[in-house]
Amino acid sequence: MNAVIRSTGLWHPEETVSNDELVECFNAYVEKFNAEHADAIERGVVEPLNASSTAFIEKASGIKSRYTIDKAGVLDVERMRPSVAPRPNEEISLMAEAGLAAAKQALENAGRDAKDVDAVICSATSMQRTYPCIAIEIQQALGIEGFGYDMSVACSSGTFGMISAINMIKTGMAKSVLVVTPEITTPQLNFRDRDSHFIFGDVAVAVLIEAEDVAGDDGWNILSNRMITQYSNNIRSNFGFLNASETPEPAFEERYFVQEGRKVFKEVCPMVIELILTELGKMKLSPADMKRMWLHQANINMNMMIAKKVYDRDFEPHEAPVVLDEFANIAGAGSLVAFHRHHDGFESGDKGLICSFGAGYSAGTIFLEKR
Ligand code: CO8
């Protein structure tokens, strides 16, 4: 049975942090660090820290702002990470709460009820705990019968989760699957690292995928989907359950997200361009047949390069919409939030592409056609 993308839903925290606010806090930290280590810096034993700048961030990444679960903690120079109150086990967990809000909106946008759904996949870069699955908590909170599970493929979490749901429907395991991608990234980020302190934001997105015989006339047919992975240490986080057993235990900063941004740029762009063109070729379609590409939202320059090479011409902003200016990099949710925000103006038969890429490396393509 063919699968159909039926609807999407979005949740984000209320609080935003602008580049100026982030840079002001970072630079206060730099001044403080350099003052505290003035003697050692003078003796050449400690390297002074360099200031960050809004102009660099906007030019290098296109990011202007990000949502965060706790602005005060992120901008407190003594803390520089969100502050989160621990919740008792009886209360819904933070990730499930974020995912639930997006999932409810996706159901509402499709006019569906929990009883219509067979399964929940929660697919995100990191889970706030190992078990029970966040997906099962969302399933329970919605009152869905059936099953749920978590999965994780960094920036391709959303697309790989969708492809898992599509295959479930193809094999007849389910008629309707909710794919939920809550990306609570700001606690995973070292806000004292000049190279990456501006990169990520918090969000949750959900996609309802249904079998075509229950979907009615609405939604999007799926023309093809493909996943590729290729091992690389250029984007890495060593956070994990072994940390507490490692001797010596790694410093907190050593567990955060790190990347070789330039290498990622150089290696991932060609991989993604080739993937998109190959998949188009297999379907006997050309780039001109695609009305829009909803690309992963890591870096504006990366997206400009990929879109220009794929279309083989200058393109209009609506052909590769950008949400990273508002959201920053939202990991596995990026291409899905771009789709959620910018899917208007499609007539029946118009085609488009959802495409993720990132750590792993990983890349996923889902070609769509408006029903
Ligand atoms: N302010 C001012 N100057 C700076 C700053 C700063 N904050 N940071 C660096 N600079 C300086 C550098 O020192 C350097 O100076 P110099 O030339 O004198 O040495 C200069 O600016 C240029 O630095 P870079 O070469 O590093 O700058 P780039 O132009 O390459 O831009 C980017 C850096 C924005 C990081 C860019 O390389 C990029 O975006 N690359 C692609 C990265 C990417 O797509 N990564 C995907 C990661 S996301 C992912 O896969 C998901 C992982 C899930 C994580 C979720 C939880 C956190």
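The values are calculated or read from the model by the stated rules, or taken from the named source; none is laboratory data. Remember, predicted model here, so these are calculated numbers, not experimental data. All Cβ positions, even for glycine, are placed from backbone atoms using ideal geometry, and neighbour counts span all protein chains on display. Just the protein is used for accessible areas: all its heavy atoms, side chains included, with ligands, DNA and RNA removed. Shrake-Rupley method; radii C 1.70, N 1.55, O 1.52, S 1.80 Å.
Determine if segment 237-250 includes at least one residue that is open to solvent by 10 Å² or more (accessible area, probe 1.4 Å), away from the ligand (no atom under 13 Å from the Cβ), of a type in the set (A, V, I, L, M, F, W, C) and under 30 Å from residue 66 (Cα atoms). Within segment 237-250, one or more residues are open to solvent by 10 Å² or more (accessible area, probe 1.4 Å), away from the ligand (no atom under 13 Å from the Cβ), of a type in the set (A, V, I, L, M, F, W, C) and under 30 Å from residue 66 (Cα atoms). Would segment 195-210 turn up any residue that is under 27 Å from residue 271 (Cβ atoms), open to solvent by 10 Å² or more (accessible area, probe 1.4 Å) and in contact with a strand residue (DSSP E or B) (Cβ under 7 Å, 6 or more places away or on another chain)? Taking every residue of segment 195-210 in turn, at least one turns out to be under 27 Å from residue 271 (Cβ atoms), open to solvent by 10 Å² or more (accessible area, probe 1.4 Å) and in contact with a strand residue (DSSP E or B) (Cβ under 7 Å, 6 or more places away or on another chain). In summary, helices (runs of 4 or more DSSP H) completely within segment 41-122 and bearing 1 or more residues that are in contact with a strand residue (DSSP E or B) (Cβ under 6 Å, 6 or more places away or on another chain) occur at 71-74, 94-110. If the condition is being within 22 Å of the chain's Cα centre (by Cα), more than 12 Å from the ligand (Cβ to nearest atom) and open to solvent by less than 50 Å² (accessible area, probe 1.4 Å), then segment 45-67 contributes 65, 67. Please go through segment 291-344 and pick out each residue that is closer than 22 Å to residue 8 by Cα and hydroxyl-bearing (Ser, Thr, Tyr). Within segment 291-344, just 335 meets the criteria.
In segment 54-73, the residues that are in contact (Cβ under 8 Å) with a residue 24 or more places away in the chain reach residues that are among the aliphatic types (A, V, I, L, M) and open to solvent by 30 Å² or more (accessible area, probe 1.4 Å) with C-beta atoms within less than 7 angstrom, at least six apart or across chains, in these pairs: 61/300; 62/300; 62/322; 69/84; 70/84.
Search segment 74-120 for residues being free of Cβ contacts under 8 Å to residues at least 24 places away in the same chain and closer than 12 Å to residue 141 by Cβ, and hand back the single one that is surrounded by the most Cβ atoms within 10 Å (Cβ to Cβ). Of everything passing the filter in segment 74-120, 97 is surrounded by the most Cβ atoms within 10 Å (Cβ to Cβ). Take residue 326 and tell me if it is open to solvent by 20 Å² or more (accessible area, probe 1.4 Å), in a helix (DSSP H, G or I) and acidic (Asp, Glu). For residue 326, the condition - open to solvent by 20 Å² or more (accessible area, probe 1.4 Å), in a helix (DSSP H, G or I) and acidic (Asp, Glu) - is met.
For segment 355-366, a residue qualifies if it is under 20 Å from residue 270 (Cβ atoms), open to solvent by less than 10 Å² (accessible area, probe 1.4 Å) and of a type in the set (A, V, I, L, M, F, W, C), and the qualifying residues are 355, 357, 363.
Selection within segment 144-155: residues that are more than 16 Å from the ligand (Cβ to nearest atom) and open to solvent by less than 50 Å² (accessible area, probe 1.4 Å). The member of this set that is farthest from residue 333 (Cα to Cα) is 144. Could you go through segment 131-143 and let me know if any residue there is open to solvent by 10 Å² or more (accessible area, probe 1.4 Å), within 16 Å of the ligand (Cβ to nearest atom) and not in a helix (DSSP H, G or I). The answer is no; no qualifying residue exists. Can you say whether residue 253 is within 14 Å of the ligand (Cβ to nearest atom) and of a type in the set (Asp, Glu), as far as the supplied structure shows? Criteria met by residue 253.
When residue 104 is tested against (1) in contact with a Gly (Cβ under 6 Å, 6 or more places away or on another chain); (2) within 23 Å of residue 175 (Cβ to Cβ), just one condition goes unmet, and that condition is (1). Of the numbered criteria (1) more than 16 Å from residue 155 (Cβ to Cβ); (2) free of Cβ contacts under 8 Å to residues at least 60 places away in the same chain; (3) open to solvent by less than 50 Å² (accessible area, probe 1.4 Å), the one residue 288 fails is (3). The set of residues from segment 259-284 being outside any helix (DSSP H, G or I) and open to solvent by less than 80 Å² (accessible area, probe 1.4 Å) comprises 259, 283.
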